[in-house]
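Comments concern the structure below.
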Amino acid sequence: MRDVRRDFPILSRTVHGKPLVYLDNAATSQKPTAVIDALDRYYRETNANVHRGLHTLSEAATAAYEDARRKVARFVHAARPEEIVFVRNTTEGLNLVAHGWARKFLKAGDVVLLTEMEHHSNIVPWHILRDQIGITLRFLRVNDDGTLDLSDLDAALEGVKLVSFMHASNVLGTINPVRQIADAAHAVGAKVLVDGAQGVLQMPVDVGALGCDWYAFSGHKLCAPTGIGALWGRYELLEAMDPFLGGGDMIESVRLEGSTWAEPPARFEAGTPAISEAIGLGAAVDYLCSIGMAEIQAEDATLTAYALEKLPQVPGLRLLGSAPQRGPVFAFTLAGIHPHDLSALLDEDGIAIRAGHHCAQPLGRRFGVPASARASLAFYNVPEEIDALVTALMGAREMFANVRS
Amino acid sequence: MSVRDMYREVILAHAQDPLHSGKLPDATDCVHRENTSCGDAIDLCAIVKDGVLVDLRYESAGCAISTASASMMTDALIGMTKADAAAMLASFRAFLIEHSELDPKLEELDALEGVRQFPARIKCALLAWQALEEILKKT
């Protein structure tokens, strides 16, 4: 892969006098110049509201916004651009399916199957819906190696109307077998919603090949700005869904007595959307395609193999999860040092990692760790940064160990 | 000041061998507090008799700062009246937030002075004290 680091201005800054080592990509990715420039250009040259004005700027803004939708559709291999609904983030995409589809079509006693490794954003909306309409929640368990326990998938799918799970874990790194689960779910007539927050930057995504019915992801984890994401859905499912928010742009016609709704995706994009952010997402997708998602996947594999060789060399380090199919996300604990202290110490060395429950408290409970440290890499990281992490972990360990003597 | 300076040896020592930790079977009051943003949690239990904190124990899961604060807090407050403990709570909070002088009875907690430079960590140092505040409100 070509040298991509120079594409990301932030990677050349220092933190506390040390070169930034950014290992918090599962929280958010950094942004390439191509994306930053697209935002800048939009506000300098094109800014106007979309789908409303007939003046030059509004037409240009609308064209750019809809062009971004086409780019995102191609990126995930959607059948048509109208299958892409712009949302704020993955969380909103998941909530949109919960409100727009599940609330309409599920009834008391219907089962929604989730997994123990889900992010809170794929648990809490279902808790809310359960409390409102009485659906039943069931959870696939996680094996010790961080893979999903699919040993009795058929039994788990009994009575299930919807399966919702993550493509890749933001803690364990595990990449889940979407196709296998989707096929089994469809065999019992269930629909399949995939949380693509972590998957989308790790590999080429082809929603048709994955076999799911909806796929939600955030732009900011995909080198795009915050505040924009997408929900892909099969068009006939989107057509059947009720709107989530009411307002401008999502209607066909409004009278005082009532309103009729626009076709998807407009039906789900009430109000002025995140125009510049959507255009930024389009620019991010262009940028990633210029590198190639297959190349990015290969780079991730190289970094993953290197990290899996180096991290266990730190005494007292326990990695959570050892799934054979995995991305470059490594949650760990270090004996004798709480993750928050570790994160604070590493920051001193310019190293950014995450510490805490990673919005997956049930998974933490499953592994008996209320908090862990997490280093998560992206294709623009280099092996030397893993070396820097290992050196800093050794240093932190020494500092805490010296107290005992 | 660097992060390393915040981790004074006395803090690390308390964090690794916290005093007064464990269950308190005859507790008259127990409270649970969590820092939702980071997941740090404490269960603080007390035996209160005639307005005196006869004993304090806690079980906690948290960083060195929150653990050391719980350890030093219980060590300083056991045997105090609730009124005195409330005054200590006010003193410690003012010490962290308003940078005022710490009450001499909390001498050892002066080691947490460095936390003041890192606003995100003040809530770690206050976790056990917030649990104490709940205890003091009871009975």
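Test A:LYS191 against the criterion of being in contact with a Gly (Cβ under 9 Å, 6 or more places away or on another chain) and closer than 24 Å to A:ALA102 by Cα, and give yes or no.
Details: in contact with a Gly (Cβ under 9 Å, 6 or more places away or on another chain): no; closer than 24 Å to A:ALA102 by Cα: yes.
Against the criterion (in contact with a Gly (Cβ under 9 Å, 6 or more places away or on another chain) and closer than 24 Å to A:ALA102 by Cα), A:LYS191 does not qualify.
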request  = Among the residues of segment A:354-405, write down those that are more than 27 Å from A:THR91 (Cβ to Cβ) and away from chain B (no Cβ under 14 Å).
outcome  = A:VAL382, A:PRO383, A:GLU384, A:GLU385, A:ILE386, A:ASP387, A:ALA388, A:LEU389, A:VAL390, A:THR391, A:LEU393, A:MET394
Selection count, segment A:135-169, where residues are in a loop (DSSP other than H, G, I, E, B) and open to solvent by less than 10 Å² (accessible area, probe 1.4 Å) = 5
message = Taking the criterion of being assigned to a strand (DSSP E or B), touching a strand residue (DSSP E or B) at 6+ places or on another chain (Cβ under 6 Å), away from every other protein chain (no Cβ under 14 Å) and under 23 Å from A:HIS220 (Cα atoms), would at least one residue in segment A:22-29 satisfy it?
response = yes
ask   = Just a yes or no: is a residue in segment B:110-127 open to solvent by less than 50 Å² (accessible area, probe 1.4 Å) and touching a strand residue (DSSP E or B) at 6+ places or on another chain (Cβ under 6 Å)?
value = yes
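Looking at segment B:60-69, which of the residues that are more than 8 Å from chain A (Cβ to nearest Cβ) and outside any strand (DSSP E or B) is nearest to B:LEU12 (Cα to Cα)? Step through it out loud before you land on a result.
First, pick out the residues of segment B:60-69 that are more than 8 Å from chain A (Cβ to nearest Cβ): B:60, B:66, B:68-69.
Filter once more, so that each one left must be outside any strand (DSSP E or B): B:66, B:68-69.
Details: B:SER66: 11, B:ALA68: 7, B:SER69: 11 Å.
Of everything passing the filter in segment B:60-69, B:ALA68 is nearest to B:LEU12 (Cα to Cα).
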key: Residue check, A:GLY350 within 13 Å of chain B (Cβ to nearest Cβ) and touching a residue at least 60 places away in the same chain (Cβ under 8 Å)   = yes
inquiry  = Here are the criteria: (1) away from chain A (no Cβ under 14 Å); (2) open to solvent by less than 20 Å² (accessible area, probe 1.4 Å); (3) at positive phi. Tell me which single one B:GLY39 does not satisfy.
reply    = (1)
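Pick from A:LEU342, A:LEU303, A:LEU308: which is away from every other protein chain (no Cβ under 14 Å) and open to solvent by less than 50 Å² (accessible area, probe 1.4 Å)? Break it down into steps so the answer makes sense when it comes.
Details: A:LEU342 fails: away from every other protein chain (no Cβ under 14 Å); A:LEU308 fails: open to solvent by less than 50 Å² (accessible area, probe 1.4 Å).
Going through A:LEU342, A:LEU303, A:LEU308 in turn, the sole match is A:LEU303.
In this structure, does B:GLU9 turn out to be away from every other protein chain (no Cβ under 14 Å), over 28 Å from A:GLY368 (Cα atoms) and either open to solvent by 50 Å² or more (accessible area, probe 1.4 Å) or touching a Cys at 6+ places or on another chain (Cβ under 9 Å) (or both)? Quick ask: steps written out before the conclusion?
Numbers: away from every other protein chain (no Cβ under 14 Å): no; over 28 Å from A:GLY368 (Cα atoms): yes; either open to solvent by 50 Å² or more (accessible area, probe 1.4 Å) or touching a Cys at 6+ places or on another chain (Cβ under 9 Å) (or both): yes.
No: the conditions fail for B:GLU9.
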query = Can you name every residue in segment A:68-88 that is farther than 17 Å from A:THR272 by Cβ and not in a helix (DSSP H, G or I)?
reply = A:VAL76, A:HIS77, A:ALA78, A:ALA79, A:ARG80, A:ILE84
ask   = Out of segment A:340-360, which residues are in a strand (DSSP E or B) and more than 17 Å from the chain's Cα centre (by Cα)?
value = A:ILE351, A:ALA352, A:ALA355, A:GLY356
Neighbours by Cβ (under 9 Å, 6+ apart or cross-chain): first from segment A:56-71, among the polar types (S, T, N, Q); second open to solvent by 30 Å² or more (accessible area, probe 1.4 Å) = A:SER58/A:ASN49; A:SER58/A:HIS51; A:SER58/A:ARG52; A:THR62/A:ASN49; A:THR62/A:HIS51; A:THR62/A:ARG52
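For segment B:61-75, state whether one or more residues are among the charged types (D, E, K, R) and over 16 Å from B:MET6 (Cβ atoms). Lay out the reasoning, then the answer.
We begin by selecting, within segment B:61-75, every residue among the charged types (D, E, K, R); these are B:75.
Applying the additional criterion that residues be over 16 Å from B:MET6 (Cβ atoms) yields B:75.
There is at least one residue in segment B:61-75 that is among the charged types (D, E, K, R) and over 16 Å from B:MET6 (Cβ atoms).
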task = Could you check, for segment A:254-263, whether at least one of its residues is open to solvent by less than 50 Å² (accessible area, probe 1.4 Å), in contact (Cβ under 8 Å) with a residue 24 or more places away in the chain and not hydrophobic (A, V, I, L, M, F, W, C)?
result = no
inquiry  = Looking at B:ARG57 and the list (1) surrounded by 17 or more Cβ atoms within 10 Å (Cβ to Cβ); (2) within 14 Å of chain A (Cβ to nearest Cβ); (3) without any contact (Cβ under 8 Å) to a residue 60 or more places away in the chain, which single condition is not satisfied?
reply    = (2)
ask   = In segment A:311-339, which residues are part of a loop (DSSP other than H, G, I, E, B) and within 14 Å of another protein chain (Cβ to nearest Cβ)?
value = A:GLY316, A:ALA335, A:GLY336, A:HIS338
inquiry  = I need the full set of residues from segment A:8-21 which are over 22 Å from the mean Cα position of the chain (by Cα) and either away from chain B (no Cβ under 14 Å) or polar (S, T, N, Q) (or both), in order please.
reply    = A:PRO9, A:SER12, A:ARG13, A:THR14, A:PRO19, A:LEU20
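How many residues, within segment A:192-209, are of a type in the set (A, V, I, L, M, F, W, C), outside any loop (DSSP other than H, G, I, E, B) and touching a residue at least 40 places away in the same chain (Cβ under 8 Å)?
Initial filter on segment A:192-209 (of a type in the set (A, V, I, L, M, F, W, C)): A:192-194, A:197, A:200-201, A:203, A:205, A:207, A:209.
Applying the additional criterion that residues be outside any loop (DSSP other than H, G, I, E, B) yields A:192-194, A:207, A:209.
Still in the running and touching a residue at least 40 places away in the same chain (Cβ under 8 Å): A:193, A:207, A:209.
Count: 3.
Please go through segment A:258-282 and give me each residue that is of a type outside the set (Gly, Ala, Ser) and either more than 20 Å from A:TRP214 (Cβ to Cβ) or not in a loop (DSSP other than H, G, I, E, B) (or both), ordered by number.
Initially, segment A:258-282 is screened for residues of a type outside the set (Gly, Ala, Ser), giving A:260-261, A:263-265, A:267-269, A:272-273, A:275, A:277, A:279, A:281.
Within segment A:258-282, A:THR260, A:TRP261, A:ARG267, A:PHE268, A:THR272, A:ILE275, A:GLU277, A:ILE279, A:LEU281 meet the criteria.
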request  = Among residues belonging to segment B:80-136 that are assigned to a helix (DSSP H, G or I) and among the β-branched types (Val, Ile, Thr), point out the one that is farthest from the other protein chains (Cβ to nearest Cβ).
outcome  = B:ILE135
note = All-but-one check, B:ALA15 against (1) assigned to a helix (DSSP H, G or I); (2) under 19 Å from B:GLU133 (Cα atoms), failing number (2)
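Out of A:GLY134, A:GLY173, A:GLY189, A:GLY159, report the one residue that is touching a residue at least 60 places away in the same chain (Cβ under 8 Å) and among the small types (Gly, Ala, Ser).
Within the list A:GLY134, A:GLY173, A:GLY189, A:GLY159, the selection yields A:GLY173.
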key: Selection from segment B:14-36 of residues that are under 15 Å from the mean Cα position of the chain (by Cα), open to solvent by less than 60 Å² (accessible area, probe 1.4 Å) and within 14 Å of another protein chain (Cβ to nearest Cβ)   = B:HIS14, B:ALA15, B:PRO18, B:ASN35
remark   = In segment A:30-63, anything open to solvent by 50 Å² or more (accessible area, probe 1.4 Å) and outside any helix (DSSP H, G or I) is listed as A:ASN47, A:ASN49, A:HIS51, A:ARG52, A:LEU54, A:HIS55
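The values are calculated or read from the model by the stated rules, or taken from the named source; none is laboratory data. Just so it is clear, the structure is predicted and the values come from calculations on it, not from any experiment. Cβ: placed from backbone, ideal geometry, glycine included. Neighbour counts: every protein chain shown. The accessibility values were calculated without ligands, DNA or RNA, using every heavy atom of the protein model including side chains. Shrake-Rupley method; radii C 1.70, N 1.55, O 1.52, S 1.80 Å.
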